[in-house]
1. Classify region 52-176 as rounded, prolate or oblate, taking a ≥ b ≥ c as the square roots of the eigenvalues of its Cα gyration tensor: rounded when a/c is under 1.5, otherwise prolate if a/b is larger than b/c and oblate if not.
2. Using only the Cα atoms of region 184-293, what do you get for the radius of gyration and for Dmax, in Å?
3. On a full-extension model of 0.36 nm per residue, what is the gain between Asp182 and Glu36, subtracting their alpha-carbon distance, rounded to one decimal in nm?
4. Where does the chain land at 222 nm, in deg cm²/dmol rounded to the nearest 500, when only DSSP H runs of n ≥ 4 count, each adding -39500 (n - 2.57), divided by all residues?
5. If I build a Gaussian network model for the chain, linking alpha-carbon pairs within less than 10 angstrom, which residue out of Phe60, Phe14, Phe178 has the largest mean-square fluctuation?
6. Can you name the helices of the chain, as whole DSSP H runs, whose Cα span along the helix axis is 18 Å or more and whose Kyte-Doolittle mean is not below -0.5?
7. Compute the semi-axes of the equivalent ellipsoid of the chain, taking the square root of 5 times each eigenvalue of the Cα gyration tensor, and list them largest first in whole Å.
8. Using per-residue counts of other Cβ atoms within 10 Å, averaged over each peptide, order 241-249, 18-26 from highest down.
Amino acid sequence: MELTITPLHSDPRFAAEVNGLNLAAGVDDDVIKAIELALDKHGVLILRNQHLDPGQQIDFTKRFGPLEYGFNKMLNKSESRLKHIEIADISNVTDDGKIADRNHRRIVNNMANQLWHSDVSFQNPPARFSMLYSVLNPSWGGETEFADMRAAYDDLEPRLKQHIAELQAEHFSLHSRFVLGDTQYTQDQIDAIPKARWPLVRIHPGSGRPLLFIGAHASHVVDMPVAEGRVLLTDLLEQATQPAHVYRHQWQTGDFVIWDNRAVLHRGRRYDLAERRELRRTTTMDVGQDHPK
Ligand code: OGA
Ligand code: MN
């Protein structure tokens, strides 16, 4: 099965649009395989004009592996506005369907999505693929940006590559929230997900290319003074997310974007919180991989 693929970035190995697929109509296993191969190469795939209800999105996502329930699990939410615990409600809308006040937990909690990150990198297993489906967009802002961590690694100066070659970072579920001053969590929530440690440099299984594994969940570098490690992480993140490595996705209703959290970082962009923004995310777990400690 050959997909119709149009590259969307000056590096043709990163970010591409896939045409001719209607996910709601159901797709064969060879299409799933072809999507996986395209993800291995490009890291981010865009499918336009999809019409998916939550159940269809969940069923499609499950074809790529077991689902990751993310913060729904930690916050002990048995039911979301969307009535499916498998779906992360990436919106500024409350459970009764109104635009949330800017102090609302949903707004405060989703704010960390505007920091560069790899989904649930604080957990073992972390996320493999995330899929974001656009339902409604504000009139300005609210784009999602993706940065290719393989190209970012390639571009590091040799001395820095050498310096980080054996280093690991510790990732903590609430680090990005604490950085933003969002500290209203119980001890049980703080302890709910054991911290995870990952090498700063990993090999992307799909492409065999080395990459930088960093982002907002990385709290410090193991066996390095916290301040020195945070400066290093900040510096790496700054270099890795230069415009040359970034694809910015301008959402249209019906867009379905799939990315490989093992290859790219992403972040949402600011928008007017008084306007509705509604996306639905499903995520698969990165099981069946060797995750070095
Ligand atoms: C996410 C996320 C960014 C955005 O859903 O995982 O980071 O643009 N979203 O909302
Ligand atoms: Mn995310």
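1. It comes out prolate by the Cα gyration axes.
2. Cα-based Rg and Dmax for region 184-293 come out at 16.7, 46 Å.
3. 49.0 nm
4. That comes out to -6500 deg cm²/dmol.
5. Phe178
6. Passing helices, by number: 29-42, 226-240.
7. 27, 25, 18
8. Details: 241-249: 17.2, 18-26: 13.8.
The most tightly packed comes first, giving 241-249, 18-26.
Read-outs throughout are calculated quantities, based only on the coordinates presented, and are distinct from any laboratory measurement. For clarity, every value in this text was computed on a predicted model and none was experimentally measured. All Cβ positions, glycine included, derive from the backbone under ideal geometry; neighbour counts span all protein chains shown.
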